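Notes follow the structure.
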Amino acid sequence: MGMGKDIRHKIAARAAKEIKPGMIVNLGIGIPTLVADYTEDLPVMFHAENGILGTGPSPSEGKENPHLCNAGGFPVTTIPGGSYFDSATAFAIVRRGLLDLTIMGALEVSERGDLANWIVPGKRVPGMGGALELAQKARKVMILMNHVSKDGRPKIVKECSLPLTAAQCVNQIITDMAVISVEKEGLVLDEVFEPYTVEKVKECTGAPFVRINTGLKEGERL
């Protein structure tokens, strides 16, 4: 099933609450790019693999700079103190482990935190991008995505069926239904979004939860 604009922004706004002052954060393509729109008053530096440190919110319509875009090719702004450099320097920041957080989309995430987000076998893709290195080197990996696929299948599973981007790298998942932590012992359900229930989230998740921290009982809503 598709995801409406309001839901995409709701997920991005919730993800922004995980960002702390002084962090260096990489935003992936899709919903993650919206996160910058919810951190205007927060001293944080957003990193883009194409060579920017210090991207800001999306520009207003008509104010786009055609020479200034993120790694996905979408227009961005920069904040005071922002800088530009080549892709080699951008990836050196990643490889040295200097990113506090990377926020990406996913096709599948396993109960152990395995990530599959770069290819569907048989389908043409432009390339794997920086996902493989970001997933391995960032201090925290957060995934923003639909809870289920377009055909209704869980995207959070016991074992990934698609080629892995990286193994045991995901720390947190935020979907249109819930906020989930990935811990050593398995998945932890931290929050449930309206209008869903704990029972519905469990039904739409292809792996068990080892703990539920929401304080809600089966069938209860926030």
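The values are calculated or read from the model by the stated rules, or taken from the named source; none is laboratory data. Only a predicted model underlies this, so the values are computations on that prediction, with no experimental measurement involved. Please note: Cβ atoms are built from the backbone with ideal geometry, for glycine as well, and neighbour counts cover all protein chains shown. The area values use the complete protein model at the heavy-atom level, side chains included, leaving out ligands, DNA and RNA. Shrake-Rupley method; radii C 1.70, N 1.55, O 1.52, S 1.80 Å.
Of all residues in the stretch 129-154, exactly one satisfies the criterion of being without any contact (Cβ under 8 Å) to a residue 40 or more places away in the chain and of a type in the set (Asp, Glu), namely Asp151.
For (1) part of a loop (DSSP other than H, G, I, E, B); (2) not hydroxyl-bearing (Ser, Thr, Tyr), each residue gets a yes or a no:
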{"site": "Gly152", "(1), (2)": "yes, yes"}
{"site": "Ser161", "(1), (2)": "yes, no"}
{"site": "Val188", "(1), (2)": "no, yes"}
{"site": "Tyr196", "(1), (2)": "yes, no"}
{"site": "Thr214", "(1), (2)": "yes, no"}
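Quick grid of which residues meet (1) modelled with pLDDT of 90 or more; (2) of a type outside the set (Ser, Thr, Tyr); (3) touching a Ser or Thr at 6+ places or on another chain (Cβ under 9 Å):
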| position | (1), (2), (3) |
| --- | --- |
| Tyr38 | yes, no, no |
| Asp41 | no, yes, no |
| His47 | yes, yes, yes |
| Pro57 | no, yes, yes |
| Cys69 | no, yes, no |
| Thr77 | no, no, yes |
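Of all residue pairs spaced 6 or more apart or on separate chains, those with beta-carbon atoms under 8 Å, a first member in the stretch 85-101 that is on the phi > 0 side of the Ramachandran plot and a second member that is surrounded by 14 or more Cβ atoms within 10 Å (Cβ to Cβ) and not small (Gly, Ala, Ser) are Gly97/Lys137.
The set of residues in the stretch 1-15 being open to solvent by 10 Å² or more (accessible area, probe 1.4 Å), of a type in the set (Gly, Ala, Ser) and modelled with pLDDT of 95 or more consists of Ala13 alone. For the stretch 73-104, give me each residue that is open to solvent by 20 Å² or more (accessible area, probe 1.4 Å), of a type in the set (S, T, N, Q) and touching a strand residue (DSSP E or B) at 6+ places or on another chain (Cβ under 6 Å). Passing the criteria: Thr78, Ser83.
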